[in-house]
Amino acid sequence: MYRLLLVTDKPDICALYNNYPDWEAQGFEKPTVMKNAEAGIHQLSNGHFDVVSWLLPISEGKLMSSFIMKKPDIMGIETMRDPKLLRRELGNARRELATRDAQRQISQPDDLTKVMCSRFFCDLLRGDGYTSEQVDEKLHTLGMTDIDPLRPVAIASFRLPQGDFFLSEVWQYGRDRLENALRNIFENTGKRDIYCILLMINPHHMRILAIPNKKLSEDDVYAEMVSHLEECQTNLEQFFELTMNIRRMHAYDSLYELALENLQRTAH
């Protein structure tokens with residue numbers, strides 16, 4: 001959940017923000033409300049906020065603007081008096097914040113993110129085949145010592161029916177940023193016992209590969225992926241107002257089996 005700070009002395013705006021019913025559905029905690037610039041700056045200096053909105057007398061407004069200019073990590077958004085306009089402004093802010101988070105993940109990758117972004121796994125998702133020896137060589141070359149190719153894996157193919165329309169009519173930041181934002185959703189497995197790798201074939205057709213990071217059964221890997229995709233669906237609806245249609249899900253008893261099935265398919 002994102003955190004918003006409202007700074008205003010206008011009673012009608014305070015009432016709207018305090019009584020607005022859809023904060024959680026919009027991806028935000030209920031906002032903290034301060035009535036002057038001094039109190040707002042104190043909050044921003046001593047707590048974490050993703051977004052700040054203010055409507056103040058000119059002198060105090062200049063004080064807030066001057067402070068926010070020194071805080072590039074905090075997004076300033078317009079203050080609204082109408083609930084419909086507030087909903088739209090929050091939706092725009094949510095999308096920008098999701099894009100920002102995705103860019104941070106890509107620009108400062110840790111070892112796990114590097115594994116997830118590896119061309120090798122995307123090639124497997126595209127259907128490229130490998131022998132067991134080639135799989136071992138790839139994992140060794142890429143330093144993927146925490147991946148056991150004997151453990152089961154699972155694949156899902158799914159569609160975002162509104163993908164092309166969303167990219168051309170709603171999303172304003174380009175295909176690359178959309179892919180980064182979707183990776184941030186689908187590859188962020190939290191504390192689950194799987195890694196996930198996303199292949200975005202086009203704006204409405206995607207595949208995902210789930211690989212266990214500990215010893216799991218084939219059924220357990222499959223169940224972990226199902227649970228993760230259910231959470232991804234919730235996030236897609238919440239942050240992008242998109243739906244996901246799963247077309248196919250399949251578990252393999254090992255990474256070797258997946259690579260060999262691809263190899264046999266391409267051989268014919």
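The values are calculated or read from the model by the stated rules, or taken from the named source; none is laboratory data. Note that the coordinates shown come from a computational prediction; the quantities given were computed from them, not determined experimentally. Quick reminder, even Gly has a Cβ in these numbers, built from the backbone with ideal geometry, and neighbours come from all protein chains shown.
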Residue hits (segment 149-174; more than 18 Å from residue 244 (Cβ to Cβ) and out of contact with any strand residue (DSSP E or B) (no Cβ under 8 Å at 6 or more places or on another chain)) are 149, 150, 168, 169, 172, 173, 174
Those residues of segment 132-171 that are exposed (fewer than 15 other Cβ atoms within 10 Å of the Cβ), in contact with an Asp or Glu (Cβ under 9 Å, 6 or more places away or on another chain) and of a type in the set (Val, Ile, Thr) come to a total of 1
Among residues of segment 241-256 being under 30 Å from residue 163 (Cβ atoms) and of a type in the set (D, E, K, R), the residue surrounded by the most Cβ atoms within 10 Å (Cβ to Cβ) is 241
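Filter segment 176-204 for residues that are acidic (Asp, Glu), without any contact (Cβ under 8 Å) to a residue 40 or more places away in the chain and either crowded, with 19+ Cβ neighbours inside 10 Å or within 18 Å of residue 99 (Cα to Cα) (or both) and give the result.
Pass one, segment 176-204, residues acidic (Asp, Glu): 176, 179, 187, 193.
Narrowing further to those that are without any contact (Cβ under 8 Å) to a residue 40 or more places away in the chain: 176, 179, 193.
176, 179, listed by residue number.
How many residues does segment 19-44 contain that are of a type in the set (A, V, I, L, M, F, W, C) and under 16 Å from residue 238 (Cα atoms)? Talk me through it step by step, then tell me what you get.
Pass one, segment 19-44, residues of a type in the set (A, V, I, L, M, F, W, C): 23, 25, 28, 33-34, 37, 39, 41, 44.
From what is left, the residues that are under 16 Å from residue 238 (Cα atoms) are 23, 25, 28.
Count: 3.
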Across segment 78-95, the tally of residues that are without any contact (Cβ under 8 Å) to a residue 60 or more places away in the chain and either touching a helix residue (DSSP H, G or I) at 6+ places or on another chain (Cβ under 6 Å) or more than 18 Å from residue 25 (Cβ to Cβ) (or both) stands at 1
Hey, any hits in segment 161-172 for a residue that's part of a loop (DSSP other than H, G, I, E, B), more than 20 Å from residue 97 (Cβ to Cβ) and assigned by TED's automatic domain parsing to the domain that holds residue 228? yes
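Matching residues to (1) touching a helix residue (DSSP H, G or I) at 6+ places or on another chain (Cβ under 6 Å); (2) polar (S, T, N, Q); (3) closer than 21 Å to residue 119 by Cβ:
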site: 157; (1), (2), (3): no, yes, yes
site: 171; (1), (2), (3): yes, no, no
site: 186; (1), (2), (3): yes, no, yes
site: 217; (1), (2), (3): no, yes, no
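Answer yes or no as to whether residue 227 is modelled with pLDDT of 90 or more, under 18 Å from residue 146 (Cα atoms) and hydroxyl-bearing (Ser, Thr, Tyr).
For residue 227, the condition - modelled with pLDDT of 90 or more, under 18 Å from residue 146 (Cα atoms) and hydroxyl-bearing (Ser, Thr, Tyr) - is not met.
Hey, among the residues in segment 137-152 that are of a type in the set (D, E, K, R) and modelled with pLDDT under 90, which one's nearest to residue 201 (Cα to Cα)?
The selected residue is 138.
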